[in-house]
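Scroll down for the structure; my scribbles are underneath it.
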Amino acid sequence: MLTLSDSINLKKTKVGKKTISEILLITASILILLVPDVLINDDQNVLNFGFSIFSKICLFIFLSSIILRLTRSYFWTYLIIGIPYLISSLIESINIIILNHHITADNIVSLLNASMGEIKEFSNGFYLYFSIPVVLIITYVFILRKYRSISYNAKNQKRIIPLGLIAIVISLSISFFKVLHSGKIYSGKNLTKYTLRTYYLEQHPFNLLNESYVFAKNKLRAYRYKAQHDNFNFGILNPTDTIKPKIVVFIIGERMRYSNWSINGYARETSPNSIPLIITQATPQTPNVAYAQKSIVSLFKEAGYETSWISSQYLFDIIDERKVPDHLYELYKKKHTDMDILPLFDSVINRKSTKNKLIVINMIGGHGGIPERFDQFKPDNDLGNYPVTMGNAPLFINTYDNLILLQDYVISELIKRTEKQNVSSVLMFTADHGCNLFDNGKALFGYGSANPTEKETHIPMFISMSNKFIENNHNKYKNLSDHKNLLTTNNNLFYTLADLANIKYKSFIKKQSISDSSFVEPSSRFVYVDGTIFEFKK
C-alpha cells in the first residue's frame, strides 16, 4: 500500500529527475552553440581553456536572460538566440579548422569571388569537415524540439535579469583579467575598447556580423572613391619617347611561395625553365590609393600602349578593371588550366598593331587543375580524394610542387614566345601570395590567415629582358643585376614596371624602382590584412 510519505518521495524523485534532465538539456544546448570557441581555444592549457569557455557560457546566459525575460518561453528564447549563434558556428567552425582563426572580411571577399574550380578544390580537400555543420544543425533542431516540453515558471521572473547581470560581469572580468596579464597592458591602448573588440566583437558569435560590416564598408569605400578614380590621370611626362619597349608582359602567378622554386634553392627540380632575375601604387600604409587612383593598365594606356588582359581567374570584384584594357580575355568563364593561356597569348602578341603592347596575365594555378604531364611528384592529391590532415601532408606538398612545374612551364613558354618577336621586350612575373604547407610540423595549410605567416607573404619575382631591350637599356639591366639580391616588395612593382617601359609621370618615385640606380632597399615587408598592417623584418 502506497503511503503519503511514499507519494511525496516519489514526487520528489520525479521532480529531481526532471530537474537533472533540464540541466543537462540546457548544458548541451549551450555547448553545441559554442563549438567555434572550443576549437579556437583547444591549444591552450586546461586552466586558460576553462576560463575562456566559462566566459563564453556566461555571455550566452546573459544574452539568453534578456530574451527569456521578454518572451517568457524557453523554446522561443533558444530559437531567437540559437539562429545567429548557429549561423556563426557553421561558418566559423570550418574557417577555424582550416585557417586557425575566425573569418575575416578578406575571407568573405575570397569566398564571394571563388571560381567553380576553387570551390571544387576546397570541397575536395575539406569534405570531411562539412559533416560538422550537418551535426550542428541536427543537434540544434533536436534540442529545440525538446525545449517545447519545458514550461516557463513565472516565479523565476525576478531572478532572470540579476542572473544575467552576474553572468556578464563574470564574462567581462575574465576577459579583462586576460588583457591585464598580457603585454597589451603596456601598449598604451584603450584597454576597455581593446577587450571588447578582441574578446567579443572579433569572436563568435559577433565576428561574422562584424566582418560582414567591414566587407560592406570596403565596398562602400570603393564607391565613394569612384569619381576620384574616374577623373584620375597619371600625367605622362614623356609621351613621345621612342625608347619604350615594344612589348611589356606582366604575369601575376597564383599561390606561389618563394621557397618551393628550385631556382631559389629548393631541393626538388620544380623550375627547370624559368630564369631569375600589384596593380596600383597602393601600399599597406596607403590602401585607399587602390580605390582613388587607376591601375598599371591605365598608366600604359595613357602612355600610348595597346593593352590586353588575359584573365585566367576572376579578380575584378575588388578593383573592377574589366573596361580598362583594350582587349579582355576571360578564360575563367569556362573550365581550363593555365596551359590555355598560351594560344591566347600567341594571338595577342602576333596581332598586327602600330602601337606598343602591354599584356597582363593573371594565372589560376592549381585552382584550374594540373595536366597529367606535370604530375611528376607522387603520390599526390590531384584528384582531391584526401582530406587535409598532417598525415596527408606529403600528398599535398607533392601536388603543390607539381603546380610549380606547371606554372614554370607556362612562364618559360611566355618568355620564349615574347623573345621570338625579336623586338625590345621585357617580362615581369610575381605572385599574388604564397601559402602554408604544414611548415615546421604545424597543421596549417592554405592561405588567408588573419595573422599571415612568412610563407604566405614571401613570393618570387622574375624579370626577363630581350637582347634588344638590354642594348637600349643597359643601365637598367645593370641596376637590376646589382639589386637582384636585395629585399624588394610589391610596393616596388608599379614603379619598376613603369621604369622598365621608360614611362615617366608626375608622381613617379625613382628610388622605388628596382631598375633605377637610386633604388633604396626597404628594411621590412608590410602586409595589409583587414585594416591591420603586419611587418616582416628583413
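Laboratory data are not the source of any read-out in this text; all were calculated from the coordinates shown. Bear in mind the structure is a predicted one, so any value in this text is a computation, not a measurement. With ideal geometry, Cβ positions are generated from the backbone for all residues, glycine too; neighbour counts draw on all protein chains shown.
Rounded to the nearest 20, the size of the Cβ-charge dipole of segment 240-537 about its Cα centre is 880 debye, with Lys and Arg at +1 and Asp and Glu at -1.
Among Lys352, Lys219, a tally of other beta-carbon atoms within 10 Å of each Cβ gives an order, fewest to most, of Lys352, Lys219.
Spacing of the modelled spin labels on Phe176 and Asp482, each 7 Å from Cα toward Cβ, amounts to 6.0 nm. Sequence-ordered 3J(HN,Hα) estimates for segment 326-331 from the Karplus curve with 6.51, -1.76 and 1.60 and θ = phi - 60° stand at 5, 9, 10, 10, 9, 5 Hz, glycine and proline given as x. Within the shell defined by Cβ-Cβ distances under 15 Å, the residues around Leu165 carry a net charge of +3, with Lys and Arg each +1 and Asp and Glu each -1. Using the alpha carbons alone, the radius of gyration of segment 419-493 stands to its Kirkwood radius in an Rg to Rh ratio of 1.14. Close amide H pairs (under 5 Å, H built 1.01 Å from N) link Met256 with Asp432, His433, residues at least 5 positions away or on another chain. Calculated mean residue ellipticity, 222 nm, the chain: -14500 deg cm²/dmol, from DSSP H runs (n ≥ 4) at -39500 (n - 2.57) each, averaged per residue and rounded to 500. Our coupling estimate for segment 466-482, obtained by passing each phi through the Karplus curve with A = 6.51, B = -1.76, C = 1.60 and θ = phi - 60°, is 6, 4, 5, 5, 5, 4, 7, 9, 4, 5, 5, 4, 5, 4, 4, 5, 5 Hz, Gly and Pro reported as x. Global size of the chain: 28.9, 114 Å for Rg and Dmax (C-alpha atoms, Rg to one decimal, Dmax whole). Overall shape: prolate for segment 240-537, with the ratio a/c of the largest to smallest alpha carbon gyration tensor axis at 1.5 or above and a/b above b/c. Since only Ser21, Asn156, His101 are under comparison, the one whose Cα sits farthest along the positive direction of the charge dipole of segment 14-219, derived from C-beta charges on Lys, Arg, Asp and Glu, is Asn156.
Beta-bridge orientation, the chain: approximately 40 percent antiparallel, per DSSP, counting only bridges with both partners inside.
Determine the shape class of segment 14-219: with a ≥ b ≥ c the square roots of the Cα gyration tensor eigenvalues, call it rounded for a/c under 1.5, and otherwise prolate if a/b is greater than b/c, oblate otherwise. Judged from the Cα gyration tensor, segment 14-219 comes out oblate (a/c at least 1.5, b/c at or above a/b).
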